[in-house]
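The values are calculated or read from the model by the stated rules, or taken from the named source; none is laboratory data. All of these numbers come straight from a predicted model, not from anything done at the bench. FYI the Cβ positions are ideal-geometry reconstructions off the backbone, even for glycines, and counts take in every protein chain you see. Protein only, heavy atoms only, side chains kept; ligands, DNA and RNA dropped before computing areas. Shrake-Rupley method; radii C 1.70, N 1.55, O 1.52, S 1.80 Å.
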There are 4 protein chains.
Amino acid sequence: MANPTDLDLPGNWGRWGSDDELGTLNLITDDVRANAAAEVRTGRWASLAQPITPNPMISSPFAPTTVDVSPVQQMMSHTGIGVAADLMLLTNRHAKSTHIDALAHWSTGDEVYPGRPRNQVVTAEGVTFASTTAFAAGIVTRGVLLDLAIEEPLPSGHAVTARDLEDAEQRQGVEVRPGDALAVRFGWPADPLLPGKPTPGISLDAVRWMHRRGVALYTGDRGDAYPPLDPGGPSPLHGVALGRMAMPLIDGSQLDDLAALCAELERYSFLLTVAPPRVHGLTGIAVNPIAVF
Amino acid sequence: MANPTDLDLPGNWGRWGSDDELGTLNLITDDVRANAAAEVRTGRWASLAQPITPNPMISSPFAPTTVDVSPVQQMMSHTGIGVAADLMLLTNRHAKSTHIDALAHWSTGDEVYPGRPRNQVVTAEGVTFASTTAFAAGIVTRGVLLDLAIEEPLPSGHAVTARDLEDAEQRQGVEVRPGDALAVRFGWPADPLLPGKPTPGISLDAVRWMHRRGVALYTGDRGDAYPPLDPGGPSPLHGVALGRMAMPLIDGSQLDDLAALCAELERYSFLLTVAPPRVHGLTGIAVNPIAVF
Amino acid sequence: MANPTDLDLPGNWGRWGSDDELGTLNLITDDVRANAAAEVRTGRWASLAQPITPNPMISSPFAPTTVDVSPVQQMMSHTGIGVAADLMLLTNRHAKSTHIDALAHWSTGDEVYPGRPRNQVVTAEGVTFASTTAFAAGIVTRGVLLDLAIEEPLPSGHAVTARDLEDAEQRQGVEVRPGDALAVRFGWPADPLLPGKPTPGISLDAVRWMHRRGVALYTGDRGDAYPPLDPGGPSPLHGVALGRMAMPLIDGSQLDDLAALCAELERYSFLLTVAPPRVHGLTGIAVNPIAVF
Amino acid sequence: MANPTDLDLPGNWGRWGSDDELGTLNLITDDVRANAAAEVRTGRWASLAQPITPNPMISSPFAPTTVDVSPVQQMMSHTGIGVAADLMLLTNRHAKSTHIDALAHWSTGDEVYPGRPRNQVVTAEGVTFASTTAFAAGIVTRGVLLDLAIEEPLPSGHAVTARDLEDAEQRQGVEVRPGDALAVRFGWPADPLLPGKPTPGISLDAVRWMHRRGVALYTGDRGDAYPPLDPGGPSPLHGVALGRMAMPLIDGSQLDDLAALCAELERYSFLLTVAPPRVHGLTGIAVNPIAVF
């Protein structure tokens, strides 16, 4: 299958060949990384991840009957030797878990970027192509925060446009360049979606802008709007950016700490390391992105 | 309990107060981080983690009857909507998983640093003190690799001493300073321990040296020797460095990529980010440390 | 250790030797089973288990933020071949799961029946003695229901005594005999325990009566009272019957269906099969006991 | 969709209406159960389940690097109060686990018995129709063992025919009647399937015979042959009996104990209780069927 072009949507299928598993991470060149390195001057840093408090897997007769759903469940081990150990069960794909989506998470039709049949890619034994394996050694690039909520959270239902992003560039004195990771702050918590509570979200117009600018990676405290901005079309971030442009997404970022540090330092660009546990063959995985200034 | 001093061992119990959960991470000052930042010039980087290929949790009638044990098991979700998802079950504390030990992982007597009863700290609901919560926002510091295996792996059973470490400093033209993360390369794989196959390991002499130097964090492709160098005493890294000096350990690092990059760049110091998934209340967690040059 | 006799409590440690793993199941002789067989005449039957609706292990962006805790979590597998499969994570020891307690579930001091050190019996690799292995091939015996809630549930905080049980025998025209499984119906749901909501429970007096009668197995919709009837002593069912008398307990039975069938048939004795999945080495396991008339 | 008849295969789609979830369990009438009850005279019994030794979920630095795959993994809980607890992760659908297949396990085309779209029946939240819910209160019926391996195991690759089954009836002096559970013993272990090691299996001819006889439930130490007897058609037991006739299957039974007891008692019919944990909404579940004589 060629680049899906039914809706004249931006896309990168074929741009880096038929065996590519990196997508827009290809835009992170040595020059981009050298620019990223040049951002590091103080050693100040911020985490872009939400904190997670696990639920215990086992319960007592006195345990509560309802629990807040956590992306992580832990189980403490019985050991007789004074060493404490545990394991965790992790639902990566959870609104309360900051996680990175692999390209194979999304299908366009029955195909996964850059045109492989999904049923050959996603198998019970693991994802065979364009999985978290692509992130296994970590991603290092320049990051830019565009803070759309400096004064107050974006209003319910707001569609973030290219204009919003360019206004933020102007206001902050920063420019998004090819290969950058783009962090967009809505000022909203990364809560699960609720009927009757519309969220703001990224518009297709903003995604086209990311395509033109050569953004390599998106990380935001919100992503696609709910309910959908265009119920008839693909979702801008998942359906177009991830699925067609092959741009990995970090869902459910927590950007308050980063925004506070940027404001303090009066700088909105930084070195970003994205290094989830080095696990192969998944559709996504929890991550704790680190911005260093 | 006061600092355990029964064996005249180095220790830090009480040094940062009775409510401290950071241990030697307190040594990472703003100055240390500024020095770390100064290491970043090119944007070249390496991961210090072993790759992990998960086992599937579910099996078919045709599945093999034995498997190589993996620290991770994955389960692909059934979805009817073209989106692939999965979860993972992670045994953090596994030789084939690069993981960071929280201070509460280790007890000295029945107490956990800096002197709390283990049975109040380690509970079925989670670890209440000195857990992975201390690492939740990530660790950023200067890292130094001392490569003891430039020519060949350390011999079986070798005890790494302060002299070995200082020789490496000399050879490499680098100096371990207070607040640094110390990476020691043995040139050995992070395999499970096997009776009859003695490994090299860190001696108590080397741990005393780390204490004098003010090392904040240890990361090595091997750690404590097996069988123990001193069967009658505490293990140098886990019993003394982690348990008494309150120095977090990254077990099971993979340092081949880092060593190759250091050799190419002819530099053995770098910015190190250690950012496991931001999960609270565990005894340890898988991590993908990233060195940036 | 000899039979724990500090409180003049009934006990069976040593009664069947130092290698016994069956406890009061030894009382189920061939004669008992022949009598059980004689109860089967119609093929009518009832389940004594609570129904369990699993929670899914994985969640969507639209999933609820709180869930009722379920003893079971399921995960549907991705399969590409038209066959649906799944796995389940089972917390056996949950108020909403009808489960059978193995003898090793309970310690008296630091010992497990009939006097083995707990730390040798309960290990991270599994329970090595008096575990669910003892139930692996199933238990078949005569069962008797004593329904204490024919008209209404027992009152909050009621302590069930020997007299209550004997009154029920009289009223129902049935007799509890050596080797029988005793089902006691309180008319209460098997809910988790809540502060401020006292439950009825079995008294020590009733447990002494079970000891005299030679009950082999207890199954009730409630068990030990909450708060404890005697806060200073061991709990009657878990501390004395399970721990000292070595009588397995089925916690959290659902007896409404059984009571209705007994009332319809005007018979309170039956053949009982107790056959959990044949899994070795656990402290307890979910079970679906079946009464056949 | 009407009863799938493309291959003139036996089928029951529509026989019990469009809302039926029981399939051939409808054949277990009160008369059948009364006959089953009449089989119970001695209280002797046998389990039809394989024993399962769990693997521990957590490992130590000294754990082996490969394990025999077990359908169950257990994790012992850390508790500070002398009570041992654990949880288990159960892959029901495993050759080494005796388990019962729900009707929704199998699809014919894209439909599940009796004609519902699979993607509406099998969902991430659980199976909404014809799941294990149908078995939740247990199955009680008459069972018959046809032992085809009294002298030696069936030969590799043997196709069991109606003639084989009728010969066994003659030899054993027993008759399979409507509503019976049929246990067929091949004398083979319930091992995973291996290329190059052909197993014996049930032929379509034998399944047609089961249909004529009105068998309600199949339980065997082997089931469908591997490699398939007819590679071009549906598998006799899963594709035809389960998928089209809506006959639940118990896979991976262990019939050696039952066969020994039948031989001793010189009786091949019995009361069978099939009572898995009462968990709703799964595609199958581990079970420990019990035969009582």
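Counting alpha carbon pairs within less than 8 Å and at least 6 residues apart, what relative contact order, in whole percent, applies to chain A?
Relative contact order of chain A: 30 percent.
Heavy-atom accessible area buried between chains B and A is around 5300 Å² (1.4 Å probe, both sides summed).
Is the C-alpha gyration tensor of region C:140-293 telling us rounded, prolate or oblate? Criteria: a/c under 1.5 is rounded; beyond that, a/b larger than b/c is prolate, otherwise oblate. List each step's numbers first, then the result.
Details: a/c = 1.34, a/b = 1.10, b/c = 1.22.
Rounded, since a/c falls under 1.5.
Label point 7 Å out from B:T128 along Cα-to-Cβ: which residues of region A:85-102 have amide N under 19 Å? So the set is A:85-86.
Of the three principal axes defined by the Cα atoms of region C:15-94, the extents in descending order read 58, 40, 29 Å.
Burial here means at least 30 square angstrom less accessible surface with every protein chain in place than with the chain by itself, probed at 1.4 Å; in region B:108-150 the buried residues are B:R118, B:V122, B:A124, B:E125, B:A137, B:V140. Distance to the B-onto-D rotation axis is smallest for one chain B Cβ; residue and value in angstrom are B:T66, 3.
Across peptide D:45-56, the mean count of Cβ atoms from other chains lying within 10 Å of each residue's own Cβ comes to 6.
Annotation: amide H of A:V160 within the under-5 Å range of A:G201, A:I202, A:S203, sequence separation 5 or more or interchain, hydrogens built in the peptide plane.
Normalised per residue, the accessible area of region D:33-154 is 33 Å², obtained with a 1.4 Å probe and no contribution from ligands, DNA or RNA.
Would you kindly state the longest site-free stretch of chain C, with sites defined as GluC sites (Glu not before Pro) in a DSSP loop (not H, G, I, E, B) surrounded by at most 10 other Cβ atoms within 10 Å? It works out to C:1-150.
Suppose all protein chains stay in the model; what accessible area per residue would a 1.4 Å probe give for region B:162-293, in Å²?
So region B:162-293 comes to 30 Å² accessible per residue, rounded to a whole number.
Take the Cβ-Cβ distance between B:D205 and B:E169 as r, set R0 to 22 Å, and report the resulting FRET efficiency rounded to the nearest 0.05.
After rounding, the FRET efficiency stands at 0.90.
For D:T53 and D:A263, a Förster radius of 35 Å and the Cβ-Cβ distance give a FRET efficiency of 0.80, rounded to the nearest 0.05. Solvent-accessible area of the protein assembly as shown (1.4 angstrom probe, protein heavy atoms only): carbon and sulfur portion equals 51 percent. Of interest is the spacing of the C-alpha centroids, which for region D:42-88 and region A:103-123 amounts to 37 Å. Cross-link partners of C:K197 among lysines, defined as those whose alpha carbon lies under 18 angstrom from its own and excluding same-chain residues fewer than eight positions apart: C:K96. Between the amide H of B:Q254 and those of B:A49, B:Q50, distances stay under 5 Å, these residues lying 5 or more places away or on another chain, with hydrogens modeled in the peptide plane.
A point 7 Å from Cα along Cα→Cβ stands in for C:P117, and the other copies hold the same point at 2.3, 6.0, 6.3 nm, listed in rising order. Shape of chain B from its Cα gyration tensor (a ≥ b ≥ c, root eigenvalues): rounded if a/c is under 1.5, otherwise prolate when a/b > b/c, or oblate? It is rounded, given that a/c, with a ≥ b ≥ c, falls under 1.5. From the square roots a ≥ b ≥ c of the eigenvalues of the alpha-carbon gyration tensor of region D:64-192, which class results: rounded (a/c under 1.5), prolate (a/b over b/c), or oblate? Because a/c hits 1.5 or more and a/b fails to exceed b/c, region D:64-192 counts as oblate.
By how many nm would the segment from D:T66 to D:E151 lengthen if fully extended, with 0.36 nm per residue of separation less the alpha-carbon distance?
Working: separation 85, 0.36 × 85 = 30.60 nm, distance 3.64 nm.
This chain segment gains 27.0 nm when fully extended.
For chain D, the 222 nm mean residue ellipticity estimated from helices alone, with every DSSP H stretch of n ≥ 4 adding -39500 (n - 2.57) and the total spread over all residues, rounds to -4000 deg cm²/dmol.
Working from label points 7 Å from Cα in the Cα-to-Cβ sense, the C:N26 to B:Q120 distance is 4.4 nm. The spacing between region B:23-39 and region A:224-293, judged by their C-alpha centroids, is 27 Å.
Comment: the Cα-to-Cβ extended label point of D:R212, at 7 Å, lies 6.3, 7.7, 9.2 nm from its counterparts in the other copies, nearest first.
Would any residue of region C:219-249 have its amide N under 17 Å from a label point 7 Å out along Cα→Cβ of C:R212? List them or say none. Answer for region C:219-249: C:241.
Sorted from closest to farthest, the other copies place their A:L194 label points 2.3, 5.6, 5.7 nm away, with each point set 7 Å from Cα along Cα→Cβ. Taking amide hydrogens as placed 1.01 Å from N in the peptide plane, the amide H of D:T123 sits under 5 Å from those of D:T128, each at least 5 positions away in sequence or on another chain. The tail of the calculated P(r) for region A:195-243, taken as Cα-Cα distances beyond 19 Å, holds 20 percent of the pairs. Sparse packing (at most 12 other Cβ atoms within 10 Å of the Cβ) combined with a DSSP loop state is found for the following chymotrypsin sites (Phe, Trp or Tyr not before Pro) in region D:38-138: D:F62. Normalised by the number of residues in region C:98-181, the average gap of Cα pairs under 8 Å and 6 or more apart makes the relative contact order 24 percent.
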